[in-house]
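Each reported figure results from applying straightforward, stated rules to the coordinates on display, with no laboratory input. Everything numeric in this text was worked out from a predicted model, so none of it was measured. Cβ placement follows ideal geometry from the backbone for every residue including glycine, while neighbour counts extend to all protein chains displayed.
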Amino acid sequence: MCVSQSEDSLTHVFSATVNTGWLVRVCGNSIEVLKFKLSMLFRNIGVESDAVGDFAVDNRAGISRTLHRISAIRNRKGTIIGLTCRVGRAISGSAKLLQDLVQDGSSLLLIGPPGVGKTTIIREIARMLANDYKKRVMIVDTSNEIGGDGDIPHAGIGSARRMQVPNSDMQHKVLIEAVENHMPQVIVIDEIGTKLEAMAASTIAQRGIQLVATAHGITIENLIMNPSLEMLVGGIQ
């Protein structure tokens, strides 16, 4: 089964890749479709290619007030020779199965490999807590994937507030800053990946603040065997 090349089919697209000398590859529902023009993709997800922001030190850029992310591949001279576009969407109701845990004030850690929808779910949790339960929610948004690019966040996070992170090395510091300066009841963070970030997250949870976070992995055992992240599940002895 192949995805149709009609414009309607692009509502199911979740990523696109392009390299110098290659055809554009568009992926949706694990099916790859070739021979799309990147300009068609941009037009059908509601943006123009000149709306892409500057690439940061992590080679990621966003599109203002959208959830889409552009990542660059550079050659040895620093010239961009490839792009990956992650198409982001806010999906209402995607966290409904977690509603009882969210309402109860439990801290949540979502584990999964890249591309399975972890960010989509914690974005909806942030909106749910801020809008439905009137909590003071602060999102620590390292790559602007939760709240989108630009100073005005995407409507998908509701009335939750968002702190942007200058670079990924400062994520753990911004986590502590959020708690000390802005009196949140809930902290939401995507992709905890280092020991410093795990320590900051554990400190936040111990202060009685509800923490909603994600980490890469497939099972709890993956975290237990990761010396940087094992403290997220209580540590091992």
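If you keep only loop residues by DSSP, which trypsin sites (Lys or Arg not before Pro) in region 49-80 have at most 13 other Cβ atoms within 10 Å of their Cβ? The partial results should precede the final answer.
Working: sites: 60, 65, 69, 74, 76, 77; in loops: 65, 76, 77.
Passing sites in region 49-80 are 76, 77.
Across region 175-181, rounded Karplus estimates of 3J(HN,Hα) from the backbone phi angles (6.51 cos²θ - 1.76 cosθ + 1.60, θ = phi - 60°) give 4, 5, 4, 4, 6, 6, 9 Hz, Gly and Pro being marked x. When every alpha-carbon pair in region 96-232 is counted, what percent end up more than 19 Å apart? Summing the P(r) tail past 19 Å for region 96-232 gives 45 percent. For region 139-218, trypsin sites (Lys or Arg not before Pro) meeting the loop criterion (DSSP other than H, G, I, E, B) and having at most 12 other Cβ atoms within 10 Å: 207.
The simple Förster model, with R0 at 25 Å and r as the Cβ-Cβ distance, assigns residue 180 and residue 103 a FRET efficiency of 0.40.
Determine, from the Cβ-Cβ distance of residue 14 and residue 136 and an R0 of 41 Å, the FRET efficiency 1/(1 + (r/R0)^6), rounded to the nearest 0.05. For residue 14 and residue 136, the calculated efficiency is 0.80.
In whole percent, what relative contact order does region 96-232 give with Cα contacts below 8 Å and a gap of six or more residues? Computed over region 96-232, the figure is 30 percent.
In this simple spin-label approximation, residue 169 and residue 207 carry label points 7 Å from Cα along the Cα→Cβ vector, and these lie 2.4 nm apart.
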